[in-house]
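Below you'll find the structure, written out as structure tokens, and then a few comments.
The values are calculated or read from the model by the stated rules, or taken from the named source; none is laboratory data. Source: prediction; values computed, not measured. Heads up, the Cβs are rebuilt from the backbone with ideal geometry, glycines too, and the neighbour counts pull from every protein chain shown.
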Amino acid sequence: MRQTPAELGATPLGIFDFLARAAASGKRGVLVTMTDREGSSLRALGSHMAVLADGRYAGSFSAACIEAAIVSEARETLAAGCDRIVRFGKGSPYIDIRLPCGGGIDLLFQPSPAQEIARAAERLRGRSPIELALAPNRPMRIEHGWSNRAAGWQGGEFLVRHAPPLRLVIAGEGGEPLALARLAEAYGAEIELLSPDGKTAATASNEGYPFQRLRGLAAPPALALDAWTALALLFHEHEWETALLAEALETEAFWIGAMGSERAHEARLQALADRGVPAERRARVHGPIGLIPAARDPATLALSALAEIAGDYQRLIR
């Protein structure tokens, strides 16, 4: 069974899960958080890395330039039993370790509070945003909800918010839905596929994707789309779109889009208008979708659409 980027520790949820699973098996770990930077850096403030006592780790702050030093520092933190902030790169006591960008970053090392880390992972997995309040030698606090505060120090605490992973609901038929599902999974998104097509259903089942069969235009399935979910409609025949779009536009989904030409997009908007969907809701529908105009094959269309969706998701969570 293949592992997703979240399972490999490439997302906040993956990093928290990595520490929580280790704690459940009796292994100690350290949560490492970027709390300040000077100049440019590969990662944003609030990025995390997790390090276990045996040297295994999840996440990264550079292109393998400082990870070995971070592992060493984390193991020393565990041995000392207290938190520490260490500068790497410019201005660091490690004169032989440099960041390729020439900048400097401050990292907060904290022996992992197993119960709080497990709670943070549970909240994100349950599709709820969180904000962490971190400070040296003080207990981690978890606030629920989504604030507009950027990551940074406030009142002696470093505050960083984390959104649930991108969830992508893909409805369609042909090669495009599966191409998009595969790329989005590699990106780290949670996937659900909907299709009236038996062949698409069989392939989705064989590849392990959650799947719903579309069986009738009069009764489309209920769409549970939260504020961190995107809906992509990839139909060559567009009769399925109106009912699905009308339902989706009642939800908090941050991105809703459909494949097709400009003429097809005008027709779908008119169909929604005829159904009584207000103009401000119709304006939420993206189309034609993607950053590459007139993609000629499923793989290019999938890459083009995912780039647009991922860009909007990243702007949403920053």
*How many residues are part of a strand (DSSP E or B) and over 26 Å from R127 (Cβ atoms) if we restrict to region 184-203?*
0
*Among what's in region 84-120 and is crowded, with 16+ Cβ neighbours inside 10 Å and among the acidic types (D, E), pick the residue that is modelled with the highest pLDDT.*
E116
*Does R161 meet the test of being surrounded by 15 or more Cβ atoms within 10 Å (Cβ to Cβ), in a strand (DSSP E or B) and at pLDDT below 95?*
no
*Can we say L214 is without any contact (Cβ under 8 Å) to a residue 60 or more places away in the chain, assigned by TED's automatic domain parsing to the domain that holds G311 and touching a strand residue (DSSP E or B) at 6+ places or on another chain (Cβ under 9 Å)?*
yes
*When P288 is evaluated against the numbered criteria (1) touching a strand residue (DSSP E or B) at 6+ places or on another chain (Cβ under 9 Å); (2) modelled with pLDDT under 95; (3) more than 23 Å from T200 (Cβ to Cβ), which criterion, by number, is the only one it fails?*
(3)
*Which fully enclosed helices (runs of 4 or more DSSP H) of region 227-318 have 1 or more residues being on the phi < 0 side of the Ramachandran plot, in contact (Cβ under 8 Å) with a residue 24 or more places away in the chain and in contact with a Gly (Cβ under 6 Å, 6 or more places away or on another chain)?*
298-317
*Restricting region 291-318 to residues that are in contact with a strand residue (DSSP E or B) (Cβ under 7 Å, 6 or more places away or on another chain) and of a type in the set (A, V, I, L, M), which is farthest from P164 (Cα to Cα)?*
A305
